[in-house]
1. Tell me the trypsin sites (Lys or Arg not before Pro) within segment 160-217 that lie in a loop according to DSSP and have at most 13 other beta-carbon atoms within 10 Å.
2. Where does the charge balance sit around T67 when Lys and Arg score +1, Asp and Glu -1, over other residues with C-beta under 15 Å from its C-beta?
3. For C179, C71, what's the largest-to-smallest order of accessible area, 1.4 Å probe?
4. How much net charge surrounds A174 when only other residues with a Cβ under 14 Å from its Cβ are counted (Lys, Arg +1; Asp, Glu -1)?
5. What is the sum of charges, Lys and Arg at +1 and Asp and Glu at -1, for the other residues whose Cβ falls under 13 Å from the Cβ of A228?
6. When the expected Rg is taken as 2.2 N^0.38 Å, what fraction or multiple of it is the alpha-carbon Rg of segment 128-237?
Amino acid sequence: LDFCVVSLFTFSFQHSRFNKELTMKVVAALVTILGTASAFAPAGVSTKRDVAVMSSLDSEFGVSIETGNKCPPLGARILEDAQPAALKWFQNAEIKHGRVAMVATIGFLNQKLGVHFPLYLGPTGSNAFHPESDQAWLLSSSEGTTFSDLATMAPLDAIQAVPAAGWLQIFFVAGWFECIAYERQWNQESTIPGDFGYDPLGFTKGKDMEGDQMKSLRLKEIKNGRVAMMTMAAWVSNELIPGALPVWHP
């Protein structure tokens, strides 16, 4: 089509001195053809569809003032073909990752500042800022790593020092929790993302989860989780590449 357009314009202008009327007719015909073709172009349909998808996502719980009460374009693109069940999965995944990241920031900060607490009412001397013990409690007998050794390591070094048996226990507990979350969210069909039936302190006991107060608290949890995820990404990056985070950090 582009080749035909260029050829027709070239032909028209080359012969314009001889036939101006023909040139005008050619231009008029081209404008008509292009206008008709644009009416059937899929771009307009795609744009309308994208607007409709983003509008539906704007009303989902978790969208807030930080993004102008609209779903960010990248999120809308990822979720443009998502069914309600898939959207629910993404909401639960975000809350899970946010909760893990919030706990991770506390652990990372304590490890960097050297704040440690006695383990299992362990040996004397293992107080908050002095993890040295009168007797060594082995974390791994095969590798000779003690809890006191772990307490003096940098956060990423401490992770690497955890033996395979320790990681096996962590993955087992995580898998067990995932089974509980799946039962609550999918088999029992809970309509509240992040409601896994685990609330040992009773913060949500007897509360209306759809009430304004609980909605506000739930949204704050999501926001804090998002900040924690970005924080952990920045701190870990700085550990791996010193100086990568040009602001204060532990």
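The values are calculated or read from the model by the stated rules, or taken from the named source; none is laboratory data. These numbers were taken from a predicted model, which means no experiment stands behind them. Methodologically, a virtual Cβ is constructed for each residue, glycine included, from the backbone with ideal geometry; neighbour enumeration extends over all protein chains shown. Heads up: the accessible areas ignore ligands, DNA and RNA and are worked out on the full protein's heavy atoms, side chains in. Shrake-Rupley method; radii C 1.70, N 1.55, O 1.52, S 1.80 Å.
1. On the way: sites: R184, K205, K207, K215; in loops: K205, K207.
Here the trypsin sites (Lys or Arg not before Pro) that fit, given the DSSP loop and packing criteria, are K205, K207.
2. Numbers: positive: K70, R77, K223, R226; negative: D58, E60, E66, E94.
Net of charged neighbours comes to 0.
3. Details: C179 90, C71 15 Å².
Reading off the accessible areas and sorting them downward yields C179, C71.
4. Taking every Cβ under 14 Å from that of A174, the sum is +1.
5. +3
6. Working: Rg = 19.4 Å, N = 110, 2.2 N^0.38 = 13.1 Å.
For segment 128-237, the normalised Cα radius of gyration is 1.48.
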